[in-house]
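Below: the structure, in structure tokens.
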Amino acid sequence: MNILIKSATIIDPKSEFHNLTQDILIEKGVISQIGNHLKNPKKYQEISFENLHISQGWFDSSVCFGEPGFEDRETIKNGLKTAAASGFTSVAMNANTHPIIDSNSDITFVNSKAEHHAVKLLPVGALTKDSNGEDLAELYDMKSAGAVAFYDYKKSIANPNLMKLALQYTSNFNGLVCSFPQDNKISGLGVMNENITSTSLGLKGNPTLSEELQVARDLFLLEYTNGKLHIPTISTAKSVALIREAKKKKLDVSCSVTIHNLFFSDEILTDFNTLYKVLPPLRTQHDIDALIEGIKDGTIDMVTSDHNPLDIEHKKVEFDHAAYGTIGLESAFGALQTLFTLKKTVDILTKGKLRFGVEPTPINIGNKLDITLFNPDTKYTFSSKDIISKSKNAIFENQDLKGKVYGIISNNTISLDS
């Protein structure tokens, strides 16, 4: 791959060219020159866009693509196309397929479907067989095949001894255990946050206690085992405080929060719109403020779209019966930019790679090219025309967002908006 990128503002604190607008020459996939008004004597392909900015490639720690088994919702091919168009050069794909991804051969299959794409797909294997919460899956075999973590997507491990064994066993090969933070006996049949809004709407509530008990339990188990734990999609102020204290103890724990849990409170559910039915549920403004503070002080390690395509049959039903989940890759950048500065947004979107086994690549001479290209200043209202996913369950539909993604250049492949 030989190209010349013209007049790009580099947003990368790890680069010596941070905040500078430069031309970038790439030869054989490696940055060979960065400077002002570079010549192009070999007539390489030139890339230029209005108000072009670039950063290290973005990463999402939790996406669902359906395949195998739920190709009607999404395929790996179109999912990766969506990720590329949304600015992500690497995504961790969850195991909630049919069959569940819980063996060496399943990981191998997923990797084969993602070969030769600009986006690096990082398969997450199930923590337990068939994600049933009873017996550990083939964790070491999946790690050998390329699994970057182990997670029963949106299913909590009720048995504390099983979680203890998982943390002990995976510590032998530096495996990352993910534990969904919800105690199902406390959450019960709750379909939204337990609060005054749930009472006024007559909907069963899922209390913050259900999350906080599970987080506290898992942190105790982590301290006992000296394992490696990731707590995905926390949503409460108390969870932030618990993890902050655990990090002070130097426990090997990381956590994430969803973009929509930073953006919306439970008060938006007054019209029973099932697009806002997500898990964990939307909480209060107090929780949102604590989550944002957790991002700013480093307690929360990464932000995820928690992209989960669902067909209309699972969403256009009564609220109690609707499935949990939203797509979010396409709206991730624009939503974050309404909450944070550009530099903080880029920092958020590029964090967490090492935790999932991806080496960051600063924009410096001699490095391979792994970048996202974007215009941070474009303002628009997110609508169905902005959706690339096969499923259209977008929580950010009709929201005013900021920032246009032009595409990515990664894995020696160009994937740009035509």
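The values are calculated or read from the model by the stated rules, or taken from the named source; none is laboratory data. Model, not experiment: these values are computed from the prediction. As a convention, Cβ positions derive from the backbone with ideal geometry for all residues, glycine included, and neighbour counts pool all protein chains shown. The protein model used for the area step is the full one, side chains on, heavy atoms only, and it has no ligands, DNA or RNA in it. Shrake-Rupley method; radii C 1.70, N 1.55, O 1.52, S 1.80 Å.
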### Query
What do you reckon, is V253 in contact with a His (Cβ under 8 Å, 6 or more places away or on another chain), over 16 Å from G328 (Cα atoms) and β-branched (V, I, T)?
yes
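Quick check on my filter: what residues within the stretch 2-17 are closer than 20 Å to G407 by Cα and either assigned to a loop (DSSP other than H, G, I, E, B) or without any contact (Cβ under 8 Å) to a residue 24 or more places away in the chain (or both)? Give the derivation first.
Initially, the stretch 2-17 is screened for residues closer than 20 Å to G407 by Cα, giving 2-12.
N2, D12, listed by residue number.
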### Task
For the stretch 194-206, state whether one or more residues are of a type in the set (K, R) and open to solvent by less than 50 Å² (accessible area, probe 1.4 Å).
no
#### Entry: Residue count, the stretch 211-221 (criterion: touching a residue at least 12 places away in the same chain (Cβ under 8 Å) and surrounded by fewer than 24 Cβ atoms within 10 Å (Cβ to Cβ))
6
### Task
Hey, can you tell me all the residues within the stretch 15-45 that are among the charged types (D, E, K, R), closer than 18 Å to K368 by Cβ and surrounded by fewer than 13 Cβ atoms within 10 Å (Cβ to Cβ)?
E16, K28
### Query
Does T75 satisfy the criteria of being closer than 24 Å to S331 by Cα and either within 15 Å of the chain's Cα centre (by Cα) or among the basic types (K, R) (or both)?
no
### Query
Can you name the number of the only condition in (1) within 16 Å of G366 (Cβ to Cβ); (2) in contact with a helix residue (DSSP H, G or I) (Cβ under 6 Å, 6 or more places away or on another chain) that I76 fails?
(1)
### Query
Quick check: anything in the stretch 312-323 in contact with a Gly (Cβ under 8 Å, 6 or more places away or on another chain) and crowded, with 19+ Cβ neighbours inside 10 Å?
no
### Message
Residue pairs, Cβ under 6 Å, 6 or more apart or interchain, first in the stretch 313-335 and at positive phi, second among the hydrophobic types (A, V, I, L, M, F, W, C) and part of a loop (DSSP other than H, G, I, E, B). List them.
### Response
G325/L310
### Task
Could you pull out the residue among S410, S418, S383 that is hydroxyl-bearing (S, T, Y) and modelled with pLDDT under 95?
S418
### Query
Taking the stretch 162-182, which residues are farther than 14 Å from D135 by Cβ, open to solvent by less than 10 Å² (accessible area, probe 1.4 Å) and in contact (Cβ under 8 Å) with a residue 60 or more places away in the chain?
L167, L176, P181
### Message
Any residue at all in the stretch 222-240 that's over 28 Å from K129 (Cβ atoms), crowded, with 19+ Cβ neighbours inside 10 Å, among the hydrophobic types (A, V, I, L, M, F, W, C) and at pLDDT 95 or above?
### Response
yes
